[in-house]
1. Those residues that are under 28 Å from ARG218 (Cβ atoms) and out of contact with any Lys or Arg (no Cβ under 6 Å at 6 or more places or on another chain), I need them from the range 175-193; list them, please.
2. List pairs: first residue in the range 233-260 and over 17 Å from PHE219 (Cα atoms), second residue of a type in the set (Lys, Arg) anywhere in the structure, Cβ distance under 8 angstrom, at least six positions apart or on different chains.
3. What about ARG170, is it in contact with a His (Cβ under 9 Å, 6 or more places away or on another chain), open to solvent by less than 60 Å² (accessible area, probe 1.4 Å) and either modelled with pLDDT of 95 or more or closer than 17 Å to GLY86 by Cβ (or both)?
4. Only residues that are out of contact with any Gly (no Cβ under 7 Å at 6 or more places or on another chain), of a type outside the set (A, V, I, L, M) and in a loop (DSSP other than H, G, I, E, B): list them for the range 228-247, please.
5. Just checking, does the range 90-106 include any residue being surrounded by 18 or more Cβ atoms within 10 Å (Cβ to Cβ), in a strand (DSSP E or B) and among the acidic types (Asp, Glu)?
6. Just to be sure I understand, how many residues within the range 244-253 are touching an Asp or Glu at 6+ places or on another chain (Cβ under 8 Å) and open to solvent by 50 Å² or more (accessible area, probe 1.4 Å)?
7. Could you pull out the residue among THR184, THR143, THR190 that is under 17 Å from GLN246 (Cβ atoms), among the β-branched types (Val, Ile, Thr), out of contact with any His (no Cβ under 6 Å at 6 or more places or on another chain) and at pLDDT 95 or above?
Amino acid sequence: MKKIVLASVCAVGFFGSAVAADLRPAVKAPPIARPACAQFGGWYVGANVGYGYLQHNFHDRDFLAGSVDTGLPRSTQDSNSGVNGGVQAGYNYQTGCTLFGVEADWSWSDTNASSFNGDGDGPIGAVGVDTSSVSSRMRWFGTVRARSGVIVDNVLIYATGGFAYANFARSYTIFEDAPATTSTFSWNNTRWGWTAGVGTEWAFAPNWSLKSEVLYMRFEKDTATAIGLGAPGAGIAGAAYRLESQNEAWISRIGVNYRF
């Protein structure tokens, strides 16, 4: 009888332990940690170097060249590429792995969009051929832009856009073959415009990052006034002739930034 009672007690104890184990509170798995991203927040300064493509749309509105030869073109679209380099500074506000910022930059440029045109009477340089040449050199440019992007690991991917400004040195030269006379009209001005683009920035060391960027810039149209020189030069002496220009550019560049 004692053995039966003892066996019953052991069975009850074993069953109670099993039930108690089932009633223990469940333990939740720790949350999966999200991967950290690099910090780009704060003020920064840097320098850049790149390559640009410039296009110049030119229109001789009152046909100054026509006073020399009506076969000379009235409008041209000239383009060329060249190098540029400069400095930038800005501020980034970062929340999590999202970034908002502003940046201003200034760059020297050596890009000249030009063309040399004949009147169609023969090859340029041959006797009896009148010519005209158009040139628009972008001497320097700058932008003031907003930036917005996301950070993946230690790489910032962003879009950017804002204001652009540039200084252009322009010239219009007309050659009259008989008598051989060259008339040159030159002017210089600074134009405003807008810009937009995309870029990346890689945080390769504490406080340091490498950037690559592509921008499109379009500048407002402007009209210069040339005063006619009279025979044997171009135009009627003292008359005003309107010379219209409009520029756009594509800039590709790399740079380095230091964050404070």
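1. To start, the set of residues in the range 175-193 that are under 28 Å from ARG218 (Cβ atoms) comprises 184-193.
Those that are under 28 Å from ARG218 (Cβ atoms) and out of contact with any Lys or Arg (no Cβ under 6 Å at 6 or more places or on another chain): THR184, PHE185, SER186, ASN188, ASN189, THR190, ARG191, TRP192.
2. Pairs found: TYR241/ARG61; ARG242/ARG61; ILE254/LYS211; GLY255/LYS211; VAL256/LYS211; ASN257/LYS211.
3. Values: in contact with a His (Cβ under 9 Å, 6 or more places away or on another chain): yes; open to solvent by less than 60 Å² (accessible area, probe 1.4 Å): yes; either modelled with pLDDT of 95 or more or closer than 17 Å to GLY86 by Cβ (or both): yes.
So ARG170 passes the test.
4. Pass one, the range 228-247, residues out of contact with any Gly (no Cβ under 7 Å at 6 or more places or on another chain): 230-233, 240, 242-247.
Now restrict to residues that are of a type outside the set (A, V, I, L, M): 230, 232-233, 242, 244-247.
Once the filter is applied, which keeps residues that are out of contact with any Gly (no Cβ under 7 Å at 6 or more places or on another chain), of a type outside the set (A, V, I, L, M) and in a loop (DSSP other than H, G, I, E, B), the range 228-247 yields GLY230, PRO232, GLY233.
5. Yes: one or more hits.
6. 1
7. Details: THR184 fails: under 17 Å from GLN246 (Cβ atoms); THR143 fails: under 17 Å from GLN246 (Cβ atoms).
None of the other options fit; the residue is THR190.
For (1) among the β-branched types (Val, Ile, Thr); (2) open to solvent by 40 Å² or more (accessible area, probe 1.4 Å); (3) in a strand (DSSP E or B); (4) in contact with a Gly (Cβ under 6 Å, 6 or more places away or on another chain), each residue gets a yes or a no:
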residue: PHE116; (1), (2), (3), (4): no, yes, yes, no
residue: GLY120; (1), (2), (3), (4): no, yes, no, yes
residue: PRO123; (1), (2), (3), (4): no, yes, no, no
residue: ARG137; (1), (2), (3), (4): no, yes, yes, no
residue: PHE141; (1), (2), (3), (4): no, no, yes, no
residue: ALA146; (1), (2), (3), (4): no, yes, yes, yes
residue: GLY149; (1), (2), (3), (4): no, no, yes, no
residue: TYR158; (1), (2), (3), (4): no, no, yes, yes
residue: PHE163; (1), (2), (3), (4): no, yes, yes, no
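The values are calculated or read from the model by the stated rules, or taken from the named source; none is laboratory data. Note that the structure is a prediction, hence the values are computed from the model and not measured. With ideal geometry, Cβ positions are generated from the backbone for all residues, glycine too; neighbour counts draw on all protein chains shown. The accessibility values were calculated without ligands, DNA or RNA, using every heavy atom of the protein model including side chains. Shrake-Rupley method; radii C 1.70, N 1.55, O 1.52, S 1.80 Å.
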